[in-house]
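Remarks on the structure that follows.
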Amino acid sequence: KNEVEQSPQNLTAQEGEFITINCSYSVGISALHWLQQHPGGGIVSLFMLSSGKKKHGRLIATINIQEKHSSLHITASHPRDSAVYICAPLTQGGSEKLVFGKGTKLTVNP
Amino acid sequence: NAGVTQTPKFRILKIGQSMTLQCAQDMNHNYMYWYRQDPGMGLKLIYYSVGAGITDKGEVPNGYNVSRSTTEDFPLRLELAAPSQTSVYFCASSAYNEQFFGPGTRLTVL
């Protein structure tokens, strides 16, 4: 069983729809990153959170440490949100190592 | 700041050739990482370093070597390239649990 499970693997939405991507993990963590990767592009960290909820513009990330679950929500989705979103828990132990989900490929159609 | 830089962007190798993937960061981060990303798979940690002169193996170190003589640079060496090393390679650096990724090197071994 993978240490990090994301769902769904692929998601197609119409512009304006509310999007949710889920992440469950089995390792002990000190924090969790949500990463974004555009086609052929680099990787950027959207959020790092260790409890509760964070919001940047139309993006919201939540985490429940007890349930080992995190969600990424996109409100009023736009075609420019089309990308792969990767859940990456930060493992405990002091070396700031990430483990990665396989990613969710989001396509937002106009 | 340039952030994390990687060279080259693309490279084609023949089986058995060797090469070094370069990675540099100008943020004075102690932690640096090398990952590989294969289609349909999550990112995998190859090697990491917690400071100059200190390196350690990650999840998939076989076929690779690293060195860290300065805080800024963390090169990844492939000694005898094999088709299984065809992948996209990302370098990253970290401080206070925030990770910053380089733009990636796309390597093909034929």
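FYI, it's all coordinate maths here, none of it is from the lab. Just so you know, these numbers come straight off a predicted model, no measurement behind them. Note that each Cβ is placed from the backbone with ideal geometry, even for glycine, and that neighbours are counted across all protein chains shown.
Structure notes:
- Checking each residue in region A:82-95 for being touching an Asp or Glu at 6+ places or on another chain (Cβ under 9 Å) and either more than 15 Å from B:Tyr33 (Cβ to Cβ) or part of a loop (DSSP other than H, G, I, E, B) (or both) picks out A:Cys87, A:Ser95.
- Some residue of region B:22-38 being surrounded by fewer than 18 Cβ atoms within 10 Å (Cβ to Cβ), more than 10 Å from chain A (Cβ to nearest Cβ) and free of Cβ contacts under 8 Å to residues at least 24 places away in the same chain: no
- Some residue of region A:90-100 being of a type in the set (Asp, Glu) and at negative phi: no
- Annotation note: Cβ proximity below 6 Å between a residue of region B:41-53 that is closer than 23 Å to A:Glu5 by Cβ and a residue that is part of a loop (DSSP other than H, G, I, E, B) and of a type in the set (Gly, Ala, Ser) (sequence gap 6+ or interchain) occurs for B:Gly42/A:Gly101; B:Leu45/B:Gly58; B:Ile46/B:Gly58.
- A:Gly40, sole failed condition from (1) without any contact (Cβ under 8 Å) to a residue 40 or more places away in the chain; (2) surrounded by fewer than 16 Cβ atoms within 10 Å (Cβ to Cβ); (3) assigned to a strand (DSSP E or B): (3)
- Residue within region B:44-66 that is surrounded by fewer than 16 Cβ atoms within 10 Å (Cβ to Cβ), at positive phi and not in a strand (DSSP E or B) present: yes
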